[in-house]
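Since every read-out is calculated from the coordinates, none of them should be taken as a lab result. All figures in this text were calculated on a predicted structure; none of them were measured in a lab. When we count neighbours, we look across all protein chains shown, and the Cβ atoms used for this are built from the backbone with ideal geometry, even at glycine.
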Amino acid sequence: MRNYSCIIIDDEEIARDLLENFIGRIPHVELLGKYGNPLEAISSIRVETVDLVFLDIQMPSMTGIEFLKTLSRTPAIIFTTAYDQYALEGYQLSVIDYLLKPFSFTRFMQAVNKATELIELKDNAKSEIIAKIPSTSQTPLEYLLINADHKLHRIYFKDILYIQSMKEYVSYVTDQGKVMAWGSLKSLEEKLPSADFMRIHKSYIVAKNRVNSLNGNQLELGDIILPIGGSYRDDVLEKLFDKPKG
């Protein structure tokens with residue numbers, strides 16, 4: 001396991017000191033700096049290689065959410081806040097975890113472990129091999145090769161239920177379980193056979209033959225329910241349910 005660099009952004013000194021204390025207990029996490037407002041931290045993020053940011057939300061000069069939206073390269077983010085109403089927005093911004101003050105060291109460690117696992121996943125995926133390889137047999141088996149969790153996974157098209165985008169990562173949901181790897185749906189669309197898969201949302205690709213029914217703006221795959229994006233609805237109706245556009 002490599003060392004992970006981090007910074008703290010919080011306008012409360014007592015909160016910064018507590019986080020510094022918690023971070024100091026973890027040998028593989030290195031604190032590069034702590035800042036009272038986001039504007040002080042911008043140069044650090046631009047100059048330093050920061051893996052992880054512990055980010056408060058409610059701050060006078062700029063909120064943590066506003067700051068996060070300004071970043072072109074986003075490190076792993078863990079929100080640390082006394083307010084719980086921002087959890088949904090944090091999820092939409094792909095924040096790793098949401099620590100509600102006051103939190104224990106145990107809860108802090110859970111968030112750090114989640115963040116470092118995802119960072120390690122991204123590190124491993126830099127050498128990701130992703131390809132469609134037909135077998136030489138009479139009935140070819142097509143699959144993706146995915147580098148994740150220090151393993152090379154063979155994921156057969158026939159086993160995929162759907163694929164979900166999670167910002168810089170994608171989650172392959174199959175009959176056997178889930179595999180998460182670095183990547184994008186855009187690149188996957190070019191590799192998956194269009195006869196078998198289609199984009200139904202900015203965050204989802206679905207296996208056509210796994211769709212059981214349409215319920216409003218949702219597709220049902222057995223017990224799994226997936227949303228249909230507004231711009232994809234006409235294509236879904238046409239290609240999955242033979243309803244002409246318009």
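So here's what we get for this one:
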| quantity | calculated |
| --- | --- |
| DSSP-defined beta bridges in the chain - what % are antiparallel, rounded to 5 | 65 percent |
| Principal-axis tilt of helix 13-24 within the chain, Cα atoms, nearest 10 degrees | 70 degrees |
| Residues of type lysines that Lys239 reaches as a straight line, Cα spacing below 24 Å, ignoring anything fewer than 8 places off in the same chain | Lys132, Lys158, Lys186, Lys191, Lys202, Lys208 |
| Potential lengthening between Asp17 and Lys243 on full extension [0.36 nm per residue; Cα-Cα distance subtracted] | 75.3 nm |
| Shape call, region 4-125: gyration tensor on alpha carbons, a/c limit 1.5 | rounded |
| Fewest-first sequence of Asp175, Asp10, Asp97 by Cβ atoms within 10 Å of each Cβ | Asp175, Asp97, Asp10 |
| Global form of region 191-234, assessed from the alpha-carbon gyration tensor, a/c cut-off 1.5 | oblate |
| Sites Ala82 and Asn113, calculated FRET efficiency, Cβ-Cβ separation with R0 25 Å, nearest 0.05 | 0.65 |
| Pairwise label distance in nanometres, Arg154 with Ser213, each label 7 Å out on the Cα-Cβ vector | 3.7 nm |
| Label zone at Arg233, where the point sits 7 Å out along the Cα-to-Cβ direction: region 199-219 residues whose backbone N lies under 13 Å | 215-219 |
| Spin-label model distance (nm) - Arg25 vs Met166, 7 Å beyond Cα toward Cβ | 2.6 nm |
| With Cα atoms, 0 to 90° folded angle of helix 38-47 axis to the chain main axis | 70 degrees |
